[in-house]
Amino acid sequence: MGTQSVFVLGDELHAMEQAEFANEAEFQELLARHPRVLDFGTLADGTPLRLVLVAREMGVPTSGDSGPVFSLDHLFVDADGVPTLVEVKRASDTRIRREVVGQMLDYAANGTRYWPAAVLQRTFEATCAADGVSVDQAYAPLLDGQEPEEFWSAVEGRLAAGQVRLLFVADRIPLELRAVVEFLNRQMRQADVYAVELAQYRSGSGMRVLVPRVLGEVATAQKSPSSGSRRRWTLDDVDAAARQRYSPAVQQTVRALLDHAAATGRLISGGAASYPSMCGYFPVEGKPCPVWALSLCEDPAKGALAFSMGSIVDKLGREAAAAFADDLSAVPVLKPMMDAARAADFRKWPAVPLTDLSAGPTSLQTVLTAVDNLMRPGIHP
């Protein structure tokens, strides 16, 4: 098929001829500087999607202490806290047909496991500094009244749940890659997978036109990571959900957790979950550290209290996380969860069902004491 022309009509008609990108580095730099070419669709509340760059060449570890092993071309995030992983290839690169798919899945599998909130926040703010962008300006489209730590904790939660976008970007998408993208999109429940064909046109005077085309939107309407309400749950919402769906014992546990957080820490509402949820943030040297997330799912058997071990490691260090796990292990139902968290270098959100936490006569008090101990001065560097 021959190349197509694009005509720009102003005072005169300007013919634009399709042109290849000079090299992959030029292609990558363009996306980093102008992510709006990838802004298709909307957020959960109907506002336009606006991707914000976290980093170029984002390091991807394969274990908790390996350091970066792989390098993702771009990591973006939107105001709903949904991470967007981008791999860029020119059509002339033969790896675009098969190898790039394996690469992306490798990056997604390890990134969702080994990118804790604190690392993402540091990386984003380092990118701002390198690009000469003020942190306040960069955060403006993202925070919506939140603290940065709150936002990145929500991003970490998205990653832990596998709620991500995977974008394959090229100047021309081969049929083989499009078929794989559409297959993955049908099969993956939480993640959205797209191919974006970004054609470039140039005029003789040096004018450039970029024309993006999104491919792979099969079966995404019901499973988009940004689907559902973007409202922030309140204490009243959580109280109402506990009364309507849960036993009196669980209701007492929920109220005790919330009262403890309000008295000793800083309680904030959850993000875009479809069920009432709250996050407990506790002061560490004057800054909020995410410690737990309370989820009141419609099915009472799925209501849970999850512990943000990865963030605790990054905020307080492994010794503090290990001591916290030791304290929590005094609750019999939590011991195997803490053992598994240690084996994964604490890069997990171990979650205990609220029904189990409410069953033991001393379980809840043990959890509250463990949180108090974690926040004690002098136990972290």
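One residue stands out in segment 176-202 among those that are of a type in the set (A, V, I, L, M, F, W, C) and not in a helix (DSSP H, G or I): the one that is farthest from LEU30 (Cα to Cα), namely MET188.
Evaluate segment 92-99: report whether one residue or more is outside any helix (DSSP H, G or I), assigned by TED's automatic domain parsing to the domain that holds GLU125, of a type outside the set (Lys, Arg) and more than 15 Å from VAL164 (Cα to Cα).
Within segment 92-99 (the criterion being outside any helix (DSSP H, G or I), assigned by TED's automatic domain parsing to the domain that holds GLU125, of a type outside the set (Lys, Arg) and more than 15 Å from VAL164 (Cα to Cα)), the answer is yes, since at least one residue qualifies.
Of the residues making up segment 275-298, none is at pLDDT below 90 and part of a helix (DSSP H, G or I).
Table: residues versus (1) farther than 23 Å from GLY111 by Cβ; (2) in a helix (DSSP H, G or I).
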position: VAL313; (1), (2): no, yes
position: GLU319; (1), (2): yes, yes
position: PRO332; (1), (2): yes, no
position: ASP339; (1), (2): yes, yes
position: ASN373; (1), (2): yes, yes
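Selection over segment 193-207 of residues that are touching an Asp or Glu at 6+ places or on another chain (Cβ under 9 Å) and surrounded by 13 or more Cβ atoms within 10 Å (Cβ to Cβ) gives a count of 10. Of all residue pairs spaced 6 or more apart or on separate chains, none has beta-carbon atoms under 9 Å together with a first member in segment 334-359 that is in the same structural domain as SER63 (by TED's automatic domain parsing) and basic (Lys, Arg) and a second member that is at pLDDT below 95 and surrounded by 19 or more Cβ atoms within 10 Å (Cβ to Cβ).
Here's the yes/no breakdown for (1) in contact (Cβ under 8 Å) with a residue 40 or more places away in the chain; (2) in contact with a helix residue (DSSP H, G or I) (Cβ under 7 Å, 6 or more places away or on another chain):
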{"residue": "CYS128", "(1), (2)": "no, yes"}
{"residue": "ALA138", "(1), (2)": "yes, yes"}
{"residue": "ARG158", "(1), (2)": "yes, no"}
{"residue": "VAL164", "(1), (2)": "yes, yes"}
{"residue": "LEU167", "(1), (2)": "yes, yes"}
{"residue": "GLN190", "(1), (2)": "no, no"}
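Screening ALA161 on (1) buried (at least 18 other Cβ atoms within 10 Å of the Cβ); (2) within 18 Å of TYR114 (Cβ to Cβ) shows it passes everything except condition (1).
Residues of segment 30-39 include none that is surrounded by 18 or more Cβ atoms within 10 Å (Cβ to Cβ), among the β-branched types (Val, Ile, Thr) and under 29 Å from ASP144 (Cβ atoms).
Filtered by the rule that a residue be among the small types (Gly, Ala, Ser) and either modelled with pLDDT under 90 or in contact with a Lys or Arg (Cβ under 7 Å, 6 or more places away or on another chain) (or both), segment 112-128 gives ALA117, ALA118. Among the residues of segment 115-146, what is the count of those that are of a type in the set (D, E, K, R) and closer than 17 Å to VAL82 by Cα? Total meeting the criteria: 1. When each of SER153, SER205 is tested for being part of a loop (DSSP other than H, G, I, E, B) and of a type in the set (Gly, Ala, Ser), the lone residue that passes is SER205.
In this structure, ALA91 does not qualify as within 21 Å of PHE183 (Cα to Cα), surrounded by fewer than 20 Cβ atoms within 10 Å (Cβ to Cβ) and within 18 Å of the chain's Cα centre (by Cα). Regarding segment 167-175, can at least one residue be identified that is acidic (Asp, Glu), part of a strand (DSSP E or B), surrounded by 15 or more Cβ atoms within 10 Å (Cβ to Cβ) and in contact with an Asp or Glu (Cβ under 8 Å, 6 or more places away or on another chain)? Scanning segment 167-175, I find no residue that is acidic (Asp, Glu), part of a strand (DSSP E or B), surrounded by 15 or more Cβ atoms within 10 Å (Cβ to Cβ) and in contact with an Asp or Glu (Cβ under 8 Å, 6 or more places away or on another chain), so the answer is no. Yes or no: TYR107 closer than 26 Å to PHE282 by Cβ and surrounded by 14 or more Cβ atoms within 10 Å (Cβ to Cβ)? When the stated conditions are applied, TYR107 does not pass them. When the residues of segment 311-355 are filtered to those that are buried (at least 16 other Cβ atoms within 10 Å of the Cβ) and among the β-branched types (Val, Ile, Thr), the one that is nearest to ALA293 (Cα to Cα) is VAL352.
The values are calculated or read from the model by the stated rules, or taken from the named source; none is laboratory data. Quantities reported herein were computed from a predicted structural model and do not represent experimental measurements. Please note: Cβ atoms are built from the backbone with ideal geometry, for glycine as well, and neighbour counts cover all protein chains shown.
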